[in-house]
Amino acid sequence: QVVHAHKPHFMALHCQEFGGKNYEASMSHVDKFVKELLSSDAMKDYNRARVYLDENYKSQEHFTALGSFYFLHESLKNIYQFDFKAKKYKKVTGKEIYSDTLESTPMLEKEKFPQDYFPECKWSRKGFIRTRWCITDCAFDLVNIHLFHDASNLIAWETSPSVYSGIRHKALGYVLDRIIDQRFEKVSYFVFGDFNFRLDAKAVVETLCAKATMQTIRAADTNEVVKLIFRESDNDRKVMLQLEKKLFDYFNQDVFRDNNGTALLEFDRELSVFKDRLYELDISFPPSYPYSEDSSQGRQYMNTRCPAWCDRILMSHSAKELILKSENDEKIVIYDHIGPNVCMGDHKPVFLSFRIAAGAGKPIANVHKCCVVQ
């Protein structure tokens, strides 16, 4: 429905955790879904496509569970994709699916983060896939990214910013350094996927439970903190928040939904470290995670984590200049979420719709010669 409404000529779809948790059982369904999607009536006007699926789940050293889809409308002429091995642009024709092992595909760069980035998670699937495109002399990178999650609400609550925030900072910095290094010409870039950005947990809890008293529950054998209970000082000591490793049970979910959760945006601080390198449009949708996976509960959050804007579309400051600025009041640039009242899994997809400004990138078109096809 979103595609039908916006009618994009070039569409990029980035997925994380492709195949879900049960890869071996699910990958056959993934392949069937992809083939049906490519041949569906809904996508019939997209006569060229590139699909990159990391399905190589037997390789713990390389597996990222990332899936990147690119669809080109039949009206779009002269689209080129970069070959990172040959360092040349090649014209995109037909529909092609690449899966199993992507390590040998020269049309992308794929990397899994080093294991020592997140030692708590032995076989993390976090990493990134990068492709480069050229439309009407305008070259840009599209990076599918999945950063590390919060392993424990209790640990996330201990410090401000949390230890997990530091790990994500390190990994995102690694990706940004990688895509602007000296191996290839620098172009504008869009980075989008599941950044797992979380609200500053300590600050959020202190604000939500400002007038509450805290009870600490420890394990009998280890004396380790296993639960925090915040109660109102009066009002029969009503429980406001219960916090465990994987429990964030706040009594009033409306605070995350009212006015799209805008009151909590001040605690969304992880991107501020990168303000000189990354730009994001204003957020006007509620936290994208963690939604209930009950198909009848499209608007309900799970009480496992504090809701947060995990799923984002970020861009370089040069990419921001590519986006057409509206000369009238017509809203041409839209940054929003998909299916606000529909169960979409535990993450709500987020999308950015825009038009590339006429002549964008033209001044440097002769430098990268992206439309000289060999």
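The table that follows gives values for the structure above.
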quantity	calculated
Residue match in the stretch 148-155 (condition: open to solvent by 20 Å² or more (accessible area, probe 1.4 Å) and closer than 23 Å to I313 by Cβ)	yes
Some residue of the stretch 120-136 being part of a loop (DSSP other than H, G, I, E, B), closer than 24 Å to N22 by Cβ, open to solvent by 10 Å² or more (accessible area, probe 1.4 Å) and of a type in the set (F, W, Y)	yes
Candidate set from the stretch 36-52 (those that are free of Cβ contacts under 8 Å to residues at least 40 places away in the same chain and part of a helix (DSSP H, G or I)); member that is nearest to G67 (Cα to Cα)	L37
Candidates E185, E111 - the one that is open to solvent by 50 Å² or more (accessible area, probe 1.4 Å), closer than 22 Å to Y70 by Cβ and not hydroxyl-bearing (S, T, Y)	E185
Within the stretch 218-284, strands (runs of 3 or more DSSP E) holding 2 or more residues that are open to solvent by 60 Å² or more (accessible area, probe 1.4 Å), closer than 26 Å to A319 by Cα and modelled with pLDDT of 95 or more	none
Unique residue being farther than 28 Å from K186 by Cβ, free of Cβ contacts under 8 Å to residues at least 24 places away in the same chain and of a type in the set (F, W, Y) when the list is F18, F33, F63	F33
Residues of the stretch 188-208 classified as open to solvent by 10 Å² or more (accessible area, probe 1.4 Å), more than 17 Å from the chain's Cα centre (by Cα) and not basic (K, R), total	7
Complete set of residues in the stretch 300-332 that are of a type in the set (D, E, K, R), at pLDDT 95 or above and in a loop (DSSP other than H, G, I, E, B)	R305
Top-ranked residue of the stretch 58-106 - restricted to ones that are on the phi > 0 side of the Ramachandran plot and surrounded by fewer than 17 Cβ atoms within 10 Å (Cβ to Cβ), ranked as nearest to the chain's Cα centre (by Cα)	D100
Condition met for E96 (part of a strand (DSSP E or B), closer than 19 Å to T64 by Cβ and not aromatic (F, W, Y))	no
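The values are calculated or read from the model by the stated rules, or taken from the named source; none is laboratory data. What you are looking at is a predicted structure, and each value in this text was computed from that prediction instead of being measured. Neighbour counts run over all protein chains shown; Cβ positions are idealised from the backbone, glycine included. Accessible surface is based on the protein model in full, side chains and every heavy atom, while ligands, DNA and RNA are left aside. Shrake-Rupley method; radii C 1.70, N 1.55, O 1.52, S 1.80 Å.
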